[in-house]
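Chemist: My structure is below; once you've seen it, I'll send some questions.
The values are calculated or read from the model by the stated rules, or taken from the named source; none is laboratory data. All values derive from a computational prediction rather than experimental measurement. Don't worry about glycine lacking a Cβ; one is built from the backbone with ideal geometry, like all the others, and counts go over all protein chains shown. These accessible areas exclude ligands, DNA and RNA; they are computed on the full protein's heavy atoms, side chains included. Shrake-Rupley method; radii C 1.70, N 1.55, O 1.52, S 1.80 Å.
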Amino acid sequence: MSSYDPRPSGCTPFEEELINAMNDFAHSTDSPAFDTTGMVHRTRRRRATLIAGVATALIVAGGGTALASISGSGSQTAARTTASTVDHEKATFLLGGLSKTPIPVDLTGQDLATAKQQFLKAQLKMGTIVKTQSPGCKPASVVELTPHSPKIVVKGDTVDVKLCAG
């Protein structure tokens with residue numbers, strides 16, 4: 001039975017000719033060549049580039065957030081006391097060793113728990129904690145650090161804290 005013989009399927013002669021023509025065309029042409037290995041390599045390269053880009057963005061954002069939290073910027077500035085009698089220089093330390101210039105960390109008006117968190121982030125040791133009389137401050141808030149600005153402290157240094165007695 002050749003490809004031009006009538007089929008017992010009940011097709012019309014036009015349908016049979018159309019099927020035969022399509023079969024002849026399909027058998028006479030070459031199949032398209034696909035570079036499957038190239039496609040796989042390009043897909044993997046794009047995926048790796050995307051993952052590396054997202055990871056870099058997360059690291060940069062995390063580093064900026066960490067520096068911002070160490071330097072005391074952001075929403076904590078609203079919680080600080082605004083009394084004019086409180087000297088911000090005495091409760092600010094300069095954190096060195098992280099960048100070319102030291103980062104000022106202002107703990108004026110912060111409570112002891114917040115100060116401890118900042119010391120942990122900066123990898124500093126908390127020294128003695130003393131309460132002192134200071135006018136115009138919130139009770140149990142930081143009023144002075146030793147050493148304070150303009151001295152620079154680095155990782156592992158000990159910082160003494162003076163809190164407001166009330």
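Chemist: Order the following by accessible area, largest value first: THR108, THR128. Probe radius 1.4 Å; ligands, DNA and RNA are ignored.
Modeler: From most accessible down to least: THR128, THR108.
Chemist: Give, rounded to the nearest 20 debye, the magnitude of the charge dipole that segment 82-166 has about its Cα centre when Lys and Arg contribute +1 at Cβ and Asp and Glu contribute -1 at Cβ.
Modeler: 220 debye
Chemist: Which aspartates and glutamates, on any chain, are close to LYS121 with Cα under 20 Å apart, when same-chain ones fewer than 8 places away are left out?
Modeler: ASP106, ASP111, GLU144, ASP157, ASP160
Chemist: Can you send over the solvent-accessible area of LYS121, 1.4 Å probe, protein chains only, in Å² to the nearest 10?
Modeler: Around 100 Å² of this residue is reachable by solvent.
Chemist: Mind checking which lysines have their Cα closer than 17 Å to the Cα of LYS100? Skip sequence neighbours fewer than 8 apart in that chain.
Modeler: By straight Cα distance, LYS100 reaches LYS151, LYS155.
Chemist: Over segment 90-166, average the accessible area per residue using a 1.4 Å probe and give it in Å², no decimals.
Modeler: Accessible area per residue, segment 90-166: 52 Å².
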